[in-house]
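Please read the structure below before turning to the comments.
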Amino acid sequence: MRIAVLGGDGYCGWATALYLSMKGHSVAIVDNFARRQWDHELGVQTLTPILPLSGRLRVWQSLTGNTIELFVGDVTEYDFVSSVIKNFEPEAVVDFAEQRSAPYSMIDRKHAVFTQVNNVVGTLNLLFALRESQPDCHLIKLGTMGEYGTPNIDIEEGYIAIEHNGRKDVVPYPKQPGSFYHLSKVHDSHNIMFACKAWRLRATDLNQGVVYGTVTDEVSLDEALINRFDYDEVFGTVLNRFCVQAAIGHPLTVYGKGGQTRGFLDIRDTVRCVEIACLNPSLQGECRVFNQFTEQFSVLDLARMVQSAGEKLGLTVAVDHLSDPRVEEEEHYYNAKHSKLIELGLEPHVLSDSLLDSLMNVALKYRRRIDTSVMLPRINWRQPSNERRAQTEGELATLIAGG
Ligand code: NAD
Ligand code: USQ
């Protein structure tokens, strides 16, 4: 298939582009390197030393003989997106190209607005470009499990059958997202659903849980192909952060009680889920939703798992409960369905098998690159007092300007 991977220089996108290329598909990467600029803005770096994209692609070609086409540009610019779709003529577009950090979107007004414009406008442009020149192409859009929030009822895959005043209907599952970033995904979902209905486009919205690990067969071929491993307060996800903290003897930063429960998956399952979606396209006019995660854990479960993995490696790992900087339930019911991808052939990896190889050993290997100053949370979801607000805005401006 001809598959365009938007956001292919990023964490999920890079692993996916290589995986699909190895499977024999014609792959193009579309990216504007915005993510590398956000790292500069925040003064942070991935734990693993990643090469510039052109260098990575050269190594991939010399090792495998496979060429991955590259389109450098911003998906919020319509002429660019439209020309990529016209020139590459994809049968599937996998859209990872968004600002994906909840804390980044909560820094201040500017970052909230940027996140929503970048994500919502990028997706709208893509929808219009597909309508204009490639209406049969299958859009595979990365959404997030966080669109649903943590309701006190089971979470279905995208839609829920309800009975109200004696009448029945199937409607989109209620959304209760927890950040301006997560809200951008909800807006995307609504726009995609409407475009499928209005223009008979075909789409799969992959509501992905938190991804962990860096190791896939393809990136393991050469050190030059290594993937990102983010562990800072803004872009580091919880499990990566805990493993890096354990590697240097920093107490694990559990926010609040640690009962926050989320769906998780190995990066090797991310790439396989995308392949499954590509090979099993939705129908024209259909907007399908899959919940893309394999296991659910509370933050405290993860801390305990990292603690015992650390002990096996001879590390002493302490756990700290910090006041939760986010507005979220610290203890709640959580039961999210996730059977559709399994029915289509996904064979999940489990965290207990990957924790040491895919996470702890990588954290230990690159231990010397760890910056201890990015462990504690500084971005607060709550409304500060007037006095404290002025102070916080000043602190954040200094943090961002100074790195
Ligand atoms: P990432 O930041 O590593 O990669 C995103 C890529 O998109 C970057 O290379 C960035 O430069 C590019 N990009 C962003 N805006 C762009 C624009 N306007 N034009 C062109 N390129 C642009 O993020 P990731 O962790 O790989 O996440 C990829 C997608 O998967 C995101 O949509 C994210 O919301 C979703 N997701 C990620 C996770 C996770 O745990 N990492 C979990 C659930 C969903
Ligand atoms: N947390 C801690 N300690 C930390 C970091 C996080 O306790 O040091 C807690 C958070 O409070 C939260 C949970 O861990 O309850 C998950 O936080 P996270 O930063 O790992 O993940 P999140 O902000 O939800 O975002 C990540 C990705 C995002 C994706 C989302 C999937 O960055 O792109 O959409 O996971 S989901 O969580 O299903 O919405």
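Readers should treat all values here as calculations from the given coordinates under stated rules, not as data from a laboratory. Remember, it's a predicted structure, so these values are computed and weren't measured experimentally. When we count neighbours, we look across all protein chains shown, and the Cβ atoms used for this are built from the backbone with ideal geometry, even at glycine.
With all pairs of different alpha carbon atoms counted, what Kirkwood hydrodynamic radius in Å does the chain show? Intermediate values should be presented prior to the final figure.
Working: mean 1/r = 0.0461 Å⁻¹.
For the chain, the Kirkwood estimate is 21.7 Å.
How many nm separate the modelled label positions at E286 and S62, each set 7 Å beyond the Cα in the direction of the Cβ?
Label at E286, label at S62, 4.5 nm between them.
K312: which aspartates and glutamates have alpha carbons under 15 Å from its alpha carbon, excluding same-chain residues fewer than 8 sequence positions away?
Excluding near neighbours in sequence, the set is D353, D357.
List the cysteines in the chain whose Cβ has no other cysteine Cβ under 4.7 Å from it.
Singleton cysteines: C12, C137, C243, C273, C278.
Within straight cross-link reach of K23, meaning Cα distance under 30 Å, which lysines are found once same-chain residues fewer than 8 apart are removed?
List returned: K86, K141, K185, K337, K340, K365.
Give me the net charge of I192's neighbourhood, meaning all other residues with Cβ under 9 Å from the Cβ of I192; Lys, Arg count +1, Asp, Glu -1.
Numbers: positive: K141; negative: D188, D205.
Here the charged neighbours net out to -1.
Please give the net charge around L70, taking every other residue with its beta carbon less than 12 angstrom from that of L70, where Lys and Arg add +1 and Asp and Glu add -1.
Once positives and negatives cancel, what remains is -1.
Over the chain, what is the relative contact order in percent, taking alpha-carbon pairs closer than 8 angstrom and at least six residues apart?
Reported as a whole number, the value is 20 percent.
For L344 and K257 in one chain, what is 0.36 nm times their gap in residues minus the Cα-Cα distance, to one decimal in nm?
27.7 nm
Counting only other residues whose beta carbon sits under 14 Å from that of D357, what net charge do I get with K and R as +1, D and E as -1?
0
How much length, in nm to one decimal, is gained on full extension between I162 and D353, taken as 0.36 nm per residue of separation minus their Cα-Cα distance?
Additional length available on full extension: 64.8 nm.
What residues of region 113-134 lie in the reach of a label at Q37, counting those whose backbone N is under 19 Å from a point 7 Å from the Cα along Cα→Cβ?
113-126, by backbone N distance to the label point.
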